[in-house]
Amino acid sequence: MSEQAGPTQSRLLRGVHRTVTGLHPALESMLAALIGLLVGAALMYMWGFNPWRAYWALLRGAYGGSYEWASTLARATPLILTALTFSVCVRAGMFNIGAEGQMFMGAMAAICVALFKMPPGIHLIVGLLFALIAGAAWSIVPAVLKITRGVSEVISTIMFNWIARWLALYIAIFILVDPSRAEKTLTIPVSARFPILVRGTDFSYSFFLAVFAALVLYFVLWHTTMGYEVRAAGLNPTAARYGGIRNKRTMIVSFLLGGITAGLAGATVVMGMPPSYAAFGGGAFPELTNIGFDGMAVAMVGRNHPIGIIVASVLFGGLNAGGRVMQFYGSNPVPLEMVRIVMGAIVLAMSIPELIRLFPAIKSQGERLVAALRRHGRPASKEGSA
Amino acid sequence: MNANDAPANARASDGYFLRAENITKVYSDGTVALREATLEIHPREIVGLLGENGAGKTTLTKILSGLLPPTSGRVTSPKGVVRFQSPREALDFGIGMVHQHFALVGTFTATENVALSHERPFARIRLDQARERLDSLMKESGLHVPLDVPVEKLAVGEQQRVEILKVLSRNVQLLILDEPTSVLTPLEVDELFLLLRRLRDAGTSIILITHKLKEVQSVTDRIVVLRHGELVGDVKTSTATTERLAQLMVGRAVEGESTAVELSAEQLPRAGARSKIGSSGERILHVADLVAKGNTGDVAVDRLSFDVHAGEIFGIAGVEGNGQSELVECLTGLRRAVSGIATIKGTDILGKDPREIYRLGVAHIPEDRWRLGLVLPFTLAENAILGVHRWKEFRGPFSFLRWGRINRHVRELMDRFEIQATGPNAPAKSLSGGNQQKLIVGRELAKNPAIVVASQPTRGLDIGAAKYIRDLLVEMRNNGRAILLVSADLDEVLALVDRLAIMYEGRFMTECAPTDLNRQQIGMLMGGVERKEVV
């Protein structure tokens, strides 16, 4: 090792380390998005695509005009709601992976309004009520299991996702099926639909419902005693108990709030699409699948803050919307899957600041291991092989 | 360095174990924790590191034990410059540190924690060997801990003993103890000091970080005083007077010798006045035949009965781990009692949750401010309403929090209780320990309670903050509140209380006026000697 380079190098490294670990959370998220896009570009380049053209197409397809913005925001709408599901539970100190299943139940409940007639508007509100009750009911079971039996909410919500998925398929095929088209569910009548905002797109008034939900949750979490209790219990359950907060109650509250937003997410899809739309059970719900899981990614990038989630959902909605354009653009179009790779890379990049925070520990561990192995040459290698 | 205090390194020719040369430490936020500190540690000596909170004691020892790199300066041993990348490397070199906040795996037993500290990459953990070694070590040192109980279920004092055993089991040559006595009672302190002397005679160097003058004078050979990051004194214990040390430490002349010790002179007149108030006030807390179990399932509180009246401080002294924590938890709704009666102003409190108990006018200053008292990532304002967040004062229609009023309330608390912070939105973890405790005390006293349950309210605080909090408790008493004070600091209990109980294995050994007993008798009662044998 050169004596000269050592200190300057390490000082530089330490400086970089301090810069990265001291970043504002919003900047961390932006950095992660940038890294995700760079990873995508590198992969495109390796497979012979032109990343610049592809990203240009993606950018134009996502934010290039009013039609593109409408597509982006339409895709962002359910993501906002499922991201809220995940984040409100994280704030309460729990990992609710169940947004997907709760969203499916909400969607099925919303489709039920096709079974009866009601005046416009009221019909829509009844559908939303159905959806949020179904979502909340689906999330309350894991919460009760956790409180009464100590079942880990991570496991139970994942299991409930599978139950919900196959139950939804059963409902779509045997109960809410359109008699004339067996692969689809009943079509929700226009009286129970969100009006479309930009003609020719999926962008409907449901977007405002999602933004409204985010704002409501922001106020609940930071400006009401209930939210205060949820956050206190999430950060330090013992101190919360000392402060007279009933932790079981905060768990139930956060799961209920999460179930409500997830149920609404399902409703915004089936009730927010153009009037001809019906859930496509035969194709295993292409519009619904993964909205719950993508919401978790949005929540992470949005730092579990309702306002951050709105911003992050515009990014993810844009990737989804622009990805469609990317795959039709130019002579050598980039497949849609590339967008999912970029999303995955962004989520992974989100953990970089945490990793860098751990870096000194990892480095010293490694150095010590090498030193130990070198010091006890033989005996160490004997132990290692044993 | 102060020229008047010639370094006592007369034995420099004996060779030294470790020397810190011109150590400066600047933290990344710009705080200068140490300025050009030079310190030499010899074999076979106990060095007391004296200074108020924030003087740089902990920083200096963290640098010596490899936990922190110095900004400038170096640490040398007779073999050359030493640079530790981690506490483990320092341990391999023979330097071990017992921190004020323990580094134990809560779900592991004492044996497992000790075995873990011996772990090497790819090596097998030998629990049986660790256990044998611990058994002999416990016999040798007189420190006893339950070996098969997860350490999180042990009392704080017991956990500290596990920490000391953990470091001792590594055969260290330099043992650094950060405020080791703040959780111990006199008897345990004596035992610890006996152990330290024995270790010294066996050739170990010891650094004892403390701000208690009496202790540092009773056990050390040399005293190093730090003040605001500067090493202001390095004197032989035999030549140091209490007054001189106190002066070095606080940097201002302190009049009267008792001021230097924890027992502040100003509190003595009040102690004289208290007989007038006596226990004639209204009965606030009534406890009868209370039985409670500890985390291990054994009886921790054994048929306790006592009353606390308005206008008195009822103190419970005793070695930590004798049921005090469990008693306090029962009275504040954090633990279910097995049987018995506990009422506040006639209302039964057993089986109620903390919120209902607070409503009866109970304020609780908890013993563990990081785990119980504060939500550290929360802001000052958010912490200031913990437990009172549902009060009408702070809660508007639809349960909205009235942040305007809350912030005004916090500013009042900051003024009234001298909390140093940048503002209501500063995170609680950015506050110093003393200010964190003032925040808790302020929050609880602002409840205008009928009774204050204070558990170790001054643990780990510097003299100024501790005295301030004691004065507040006395003031509350004088205003006619009932105060239940549980403390392992005997000086504190004796100076403050009107009636004293000594707790041992879940029972009161005696209940009397603090003047009825001398310290030796109290020490014996704490150690489990029956009252009739004592008197």
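FYI, it's all coordinate maths here, none of it is from the lab. Since the structure is predicted, the reported quantities are computational estimates derived from the model, not experimental observations. Using ideal geometry, Cβ is built from the backbone for each residue, glycine included, and neighbour counts are taken over all protein chains shown.
Brief remarks follow.
- Relative contact order computed over the stretch A:23-350 (Cα-Cα under 8 Å; 6+ residues apart), in percent: 37
- Only one residue of B:VAL114, B:HIS42, A:GLY308 has its Cα farthest out toward the positive end of the dipole of the protein assembly as shown, where Lys and Arg carry +1 and Asp and Glu -1 on Cβ, and that residue is A:GLY308.
- Under the span-like rule (Cα at least 30 Å along the axis, Kyte-Doolittle mean at least 0.0), DSSP H helices of chain A: A:25-46, A:66-91, A:122-149, A:247-272, A:352-375
- Point-charge dipole on Cβ atoms (K/R +1, D/E -1) for the stretch B:40-119, about Cα centre, debye to 20: 260
- Fraction of C-alpha pairs exceeding 45 angstrom in the protein assembly as shown: 42 percent, rounded to a whole number.
- Theoretical ellipticity at 222 nm over chain A - DSSP helices of four or more residues, -39500 (n - 2.57) apiece, nearest 500: -24000 deg cm²/dmol
- Each peptide among B:125-138, B:189-202 gets the average number of other Cβ atoms lying within 10 Å of its residues, and from highest to lowest they stand as B:189-202, B:125-138.
- Averaging Cα coordinates gives a centre for the stretch B:389-433 and one for the stretch A:251-325; these two points are 37 Å apart.
- Note that chain B, at 4 °C in a medium of 1.567 mPa s, gets a Stokes-Einstein diffusion coefficient of 53 µm²/s from its Kirkwood radius over C-alpha pairs.
- Amide H contacts of B:SER205 (H built 1.01 Å from N, in plane; Pro and chain starts excluded): B:ARG44, B:GLU45, B:LEU174, B:LEU175 sit under 5 Å, all sequence-distant by 5 or more or on other chains.
- Neighbour-count ranking [beta-carbon atoms within 10 angstrom, fewest first] of A:PHE293, A:PHE174, A:PHE208: A:PHE174, A:PHE208, A:PHE293
- Applied to the stretch B:197-208, the Karplus parametrisation 6.51 cos²θ - 1.76 cosθ + 1.60 on θ = phi - 60° returns per-residue 3J(HN,Hα) values of 5, 4, 5, 4, 5, 7, x, 8, 8, 9, 10, 10 Hz, with x for Gly and Pro.
- Placing +1 on the Cβ of every Lys and Arg and -1 on the Cβ of every Asp and Glu, with no other charges, gives chain A a dipole of roughly 960 debye about its Cα centre.
- Taking the longest Cα principal axis of chain B as reference, the axis of helix B:433-445 is set at about 0 degrees.
- Nitroxide proxy distance, nm - points 7 Å out along Cα→Cβ at B:ASP190 and A:ASN332: 8.7
- Dipole of the protein assembly as shown, positive direction: furthest Cα of B:ASN518, B:VAL441, B:LEU134, with charges on the beta-carbon: B:VAL441
- Multiplying each eigenvalue of the alpha-carbon gyration tensor of the stretch B:105-171 by 5 and taking the square root yields semi-axes of 18, 14, 10 Å, largest first, rounded to whole angstroms.
- The alpha-carbon atoms of the stretch B:375-448 define a convex hull whose volume equals 78 cubic angstrom per residue.
- Ordering A:GLY282, A:MET226, A:ILE260 by Cα displacement along the dipole of the stretch A:201-289 toward the positive end leaves A:MET226 in first place; charges were set at the Cβ atoms of Lys, Arg (+1) and Asp, Glu (-1).
- Residue order, fewest to most beta carbons within 10 Å, for B:SER65, A:SER66, A:SER152: A:SER66, A:SER152, B:SER65
- Sequence-distant residues sharing a close amide H with B:HIS364 (under 5 Å, placed H): B:VAL453
- Principal-axis tilt of helix B:156-168 within chain B, Cα atoms, nearest 10 degrees: 10
- Inter-centroid distance (Cα atoms) of the stretch A:52-89 relative to the stretch A:186-200, Å: 20
- Averaging the sequence gap over all C-alpha pairs within less than 8 Å and six or more residues apart, then dividing by the number of residues, gives chain B a relative contact order of 15 percent.
- Per-residue ellipticity at 222 nm, computed for chain B from helices alone with -39500 (n - 2.57) per DSSP H run of at least four residues, works out to -9500 deg cm²/dmol.
- Pairwise Cα inverse-distance average, inverted: Kirkwood Rh of the stretch B:405-535 (Å): 16.4
- Footprinting exposure proxy ranking of A:GLU229, B:GLU158, B:GLU475, fewest other C-beta atoms within 10 angstrom first, gives B:GLU475, B:GLU158, A:GLU229.
- Put a plus charge on the Cβ of each Lys and Arg, a minus charge on the Cβ of each Asp and Glu, and nothing anywhere else: the dipole of the protein assembly as shown about its Cα centre is then about 2120 debye.
- Over 28 Å (Cα to Cα) - which of B:LYS352/B:LYS467; B:LYS57/B:LYS79; B:LYS25/B:LYS429 fall in this group: B:LYS352/B:LYS467
- Percent of alpha-carbon pairs separated by more than 29 Å within the stretch A:23-350: 38
- Based on Cα atoms of the stretch A:201-289, Rg over Rh with Rh as the Kirkwood radius reads 1.16.
- Value of relative contact order over the stretch A:71-199, rounded to a whole percent, pairs C-alpha under 8 Å and six or more apart: 30
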